[in-house]
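**Q** Okay, handing you the structure first.
Read the figures in this text as sums done on the coordinates, not as results from a lab. Being a predicted model, the structure only gives us computed values, none of them experimental. Cβ placement follows ideal geometry from the backbone for every residue including glycine, while neighbour counts extend to all protein chains displayed.
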Amino acid sequence: MTIDIQSLIEQRPHLKDPLALYAKWQRFHREARELLPKGKSAISAEDSQAYPRADARAVFRLFVSVFALPENDLEPLCQALEKGAIDFMQLPQDKVPDISDLPYTPEELAGLLFLFSRPYFLALPEIFPLDGSQWENGRCPLCAAQPAMTSVMEGPKRNLHCSYCGTSGPYRFIGCPNCASVDSAQLNTIMSEDEPGFRVVTCDACQTYVKVIEFPLLKEMGFDLADLASLPLDIIAQQKGFARMAPNPISLKKIA
């Protein structure tokens, strides 16, 4: 990856706010990794589905500090983590834990938990390296998330990418990964002259879409920055009635 956030802001000033939020998440990720156990010791029989209970409060306090969130309002979340009552692995399947006394809608809580849990997910490939594994049924082989981003390489070959754990792997070149439709009449492409190297593939059968990035641009940006850089294509696709099935790096599914 040869481009950084500041360079991308200079190239795309209209994306300054989402990129600045992503910079905060990067800081949280970097500092959270220093707080948590490394390697296989990060997962124990007792704490296999979330942050270790002994470290939950430290990670929680870092999170609310970096994002300037009200710690008292979010205390029930920290307590649930310390009790082992949250299973992060349910999040990629759109199952949001029922935590009482939080002043958030389920959609808002899902976005908050995505940002909060992602350092956990990004540590999983270090323990269970499945990068390059086939995406059966269009699901991430590691955490079972659906894709929102794909990359295209010579061959032609297509890889799907997980916005939770960062795992990438091959999927058949033609077909919707969300509903498995291979009916070419149902699959369409949206392109914009303002977003070279990117496009959107929509599926009329399930009314969803995935974004596509060409491999040379992927090497320059990486998936996270590429996803944010192509945010205008999300808006176009969603205005046409298509849904994104996984959050972007700043937790958004609905953007239009």
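**Q** About the Cα centre of the range 136-239, how large is the charge dipole given +1 on each Lys and Arg Cβ and -1 on each Asp and Glu Cβ? Please answer in debye to the nearest 20.
**A** Magnitude of the dipole: close to 360 debye.
**Q** Given a Förster distance of 25 Å, report the FRET efficiency between Lys24 and Ser184 from their Cβ-Cβ distance, rounded to the nearest 0.05. Could you put the intermediate results ahead of the total?
**A** Numbers: r = 42 Å, r/R0 = 1.67.
Computed FRET efficiency for Lys24 and Ser184: 0.05.
**Q** Then there's this: So how far, in whole Å, is the C-alpha centre of the range 193-256 from the one of the range 1-33?
**A** The range 193-256 and the range 1-33 have Cα centres separated by 17 Å.
**Q** Please compute the length gained on full extension between Glu108 and Asn72, using 0.36 nm multiplied by the number of residues separating them and subtracting their Cα-Cα distance.
**A** The span from Glu108 to Asn72 would gain 11.3 nm if fully extended.
**Q** Looking at the square roots a ≥ b ≥ c of the eigenvalues of the Cα gyration tensor of the range 136-239, which shape do they give, rounded for a/c under 1.5, prolate if a/b is larger than b/c, or oblate?
**A** Because its axes are fairly even, with a/c under 1.5, the range 136-239 counts as rounded.
**Q** Specify the angular offset, from 0 to 90 degrees and rounded to the nearest 10, of the alpha carbon long axis of helix 71-82 from the longest principal axis of the alpha carbons in the chain.
**A** 90 degrees
**Q** Placing unit charges on C-beta atoms (Lys and Arg positive, Asp and Glu negative, everything else neutral), compute the dipole magnitude of the chain about its Cα centre in debye, rounded to 20.
**A** Rounded to the nearest 20 debye, it is 340 debye.
**Q** Could you give the angle, 0 to 90 degrees to the nearest 10, between helix 215-229's Cα long axis and the longest principal axis of the Cα atoms of the chain?
**A** Once rounded, the angle reads 50 degrees.
**Q** List the trypsin sites (Lys or Arg not before Pro) within the range 149-222 that DSSP assigns to loop and that have no more than 13 neighbouring Cβ atoms inside 10 Å.
**A** Listed in order of number, the matching sites are Arg172.
**Q** What shape does the chain have by the C-alpha gyration tensor, where a ≥ b ≥ c are the square roots of the eigenvalues, rounded means a/c under 1.5, and otherwise prolate means a/b greater than b/c and oblate the rest?
**A** Details: a/c = 1.68, a/b = 1.51, b/c = 1.11.
Prolate.
**Q** Run the reach check for Lys254 against lysines, Cα to Cα strictly under 28 Å, same-chain hits fewer than 8 apart removed. What comes back?
**A** Lys16, Lys24, Lys95, Lys211, Lys219, Lys240
**Q** Under the Karplus relation 6.51 cos²θ - 1.76 cosθ + 1.60, θ = phi - 60°, what is the ordered set of whole-Hz ³J(HN,Hα) values for the range 89-97, x standing for Gly and Pro?
**A** 5, 7, 4, x, 9, 6, 9, 9, x
**Q** Can you check how the C-alpha radius of gyration of the range 5-127 compares to 2.2 N^0.38 Å, as a plain ratio?
**A** In units of the 2.2 N^0.38 Å rule of thumb, it is 1.10.
**Q** Per DSSP H run of n ≥ 4, the term is -39500 (n - 2.57); total these for the chain, divide by its residue number, and report the mean residue ellipticity at 222 nm rounded to 500 deg cm²/dmol. Display every interim value, and only then the final one.
**A** On the way: 7 runs with 99 residues, N = 256.
So the helix-based figure for the chain works out to -12500 deg cm²/dmol.
**Q** Tell me the relative contact order for the chain as a rounded percent, counting alpha carbon contacts under 8 Å between residues six or more apart.
**A** Computed over the chain, the figure is 17 percent.
**Q** Let me ask something else about it. For the range 240-252, just list the computed ³J(HN,Hα) in residue order, Karplus coefficients 6.51, -1.76 and 1.60, θ = phi - 60°, integers in Hz, with x standing in for Gly and Pro.
**A** 8, x, 9, 10, 8, 9, 9, x, 7, x, 10, 5, 8
**Q** Across the range 99-112, in residue order, what do the Karplus-derived ³J(HN,Hα) couplings come to in whole Hz, using 6.51 cos²θ - 1.76 cosθ + 1.60 with θ = phi - 60° and x for Gly and Pro?
**A** Karplus-based 3J(HN,Hα) across the range 99-112 equals 10, 6, 6, 9, x, 9, 6, x, 5, 5, 5, 4, x, 4 Hz.
**Q** Once you sort the root eigenvalues of the Cα gyration tensor of the range 48-97 as a ≥ b ≥ c, which label holds: rounded (a/c under 1.5), prolate (a/b larger than b/c) or oblate (the other case)?
**A** Prolate.
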